[in-house]
1. With I354, I374, I306 as the choices, which residue is touching a residue at least 12 places away in the same chain (Cβ under 8 Å) and over 13 Å from Y29 (Cβ atoms)?
2. Condition test on A35, is it touching a Pro at 6+ places or on another chain (Cβ under 9 Å) and at pLDDT 95 or above?
3. So M217 fits all but one of (1) of a type in the set (A, V, I, L, M); (2) modelled with pLDDT of 95 or more; (3) surrounded by fewer than 15 Cβ atoms within 10 Å (Cβ to Cβ); what number is the exception?
4. Looking at (1) at pLDDT below 55; (2) surrounded by fewer than 15 Cβ atoms within 10 Å (Cβ to Cβ), which is the one condition that is false for M227?
5. Restricting attention to segment 114-141, which residues are on the phi > 0 side of the Ramachandran plot and surrounded by fewer than 23 Cβ atoms within 10 Å (Cβ to Cβ)?
6. What do you reckon, is R140 touching a Leu at 6+ places or on another chain (Cβ under 9 Å) and among the basic types (K, R)?
7. Quick one: in segment 255-297, of everything that is outside any strand (DSSP E or B) and among the hydrophobic types (A, V, I, L, M, F, W, C), which residue is farthest from E185 (Cα to Cα)?
8. Of all residues in segment 26-67, how many are more than 20 Å from G327 (Cα to Cα) and not hydroxyl-bearing (S, T, Y)?
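The values are calculated or read from the model by the stated rules, or taken from the named source; none is laboratory data. Remember, predicted model here, so these are calculated numbers, not experimental data. Note that we place each Cβ from the backbone using ideal geometry, even for glycine, and neighbour counts take in every protein chain shown.
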Amino acid sequence: MQEQNKMKKWALLFGFLICCSGILSAQEYFVYVAAESEDEVHLVRFDAASESAEIAETITVGRFPTEIDGPHGISVAPDGKHWFVSIAHGNPFGLLAKYETETNKLVGTTELGMFPATMEISPKTGLLYVVNFDLHGPMRPSNLMVVDPNDMEVLDVIDTGVMPHGSRISPDGAYNYHVSMMSDELIEISAVTMEVTRKLKLTKGMETMASGDEHAMHHTAMNNTGMNHSEMMHNPVEKPTWVDPHPTKPLVYVAANGSDEIIEVDIQKWTITRRFNTGKAPYNLEISENGRWLVATYKGEGSTGIWDLESGKEVAKIANTRRVSHGVTISPDSKYAFVSVEGIGGEPGSVEVIDIEARELVDYVETGKQAGGIYFWKMSN
């Protein structure tokens, strides 16, 4: 009898541990995504246990209820307490808005430049670095603005390339990396000194050109008169739209939207080490936290590619539910990629959840029109 009671107790304990293990392993994932043609930001929740995604909350953003202000870039503070959205349109300038993550209430704004786009906060300086894409202005160099996210004040304005985009911070917080779409450049800025430290030409055959040589030839003329695309000495080929640093290696990866490539750059040697041929018009990309995977959106064909960085091979290409794939963010456990898809015309946008290891689309949720900027917030049990 005593032996039977012991066995029952062990069975109950074993069952309890299994139950607890199941509870602890059931993860929920939260991401923010901007619907640019709706003036909305959605908080999306994904339940890994049921493999289902839903809109947890929709936040109306922008200044003018009767106009489309165009929320474009999204970022979350390193401590997870606030999220930021760039409002691209304005008269003449756009703005940066700050919200609490727990309440999704607006707590501050500051004016930026023409068509502010992507941004990220440095864990080293605590400052936010946002590029002004200047989509509708003349074809001349734009800038990156450094913002104190606590006081919401612009601290510095740094001249950079033509149509800068893809503003991302190195893992140690020491540098900002972004690309210049219309001058085919990768640009590095010191997050501490707030100065441009290096530029790298991404065009094949021009990689060894001294930093800024071709750009400098026309800098004065472009600033004084403005130039259209055809008048530029260098017509862009790569048209880079995004950059993301590797979490542990001295590498950054660039999405070359115009040449259908992903470009790997060794930031110690400041040279291009590999070029990967991709699907049509790669637009955004991100490296998984474990450093193994690169996930890229192919805007020109409505699909998402998963790349094994060690082999340099694309291991899967997954069709999105609609056309015009846009942004991607990866969960910190490197399991899931969350992809924003714009849709066409009056179609709704969507956020699509891809299981990276299984290499398959597991669920999606419809959003407001033109889903674009997307950023991971948190995981919870």
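1. Residue meeting the stated conditions: I306.
2. So A35 fits the description; yes.
3. That leaves (2) as the condition not met.
4. For M227, the exception is condition (2).
5. Selection gives G126, D134.
6. Here the answer is no, as R140 does not meet what is asked.
7. A281
8. Residues meeting the conditions: 12.
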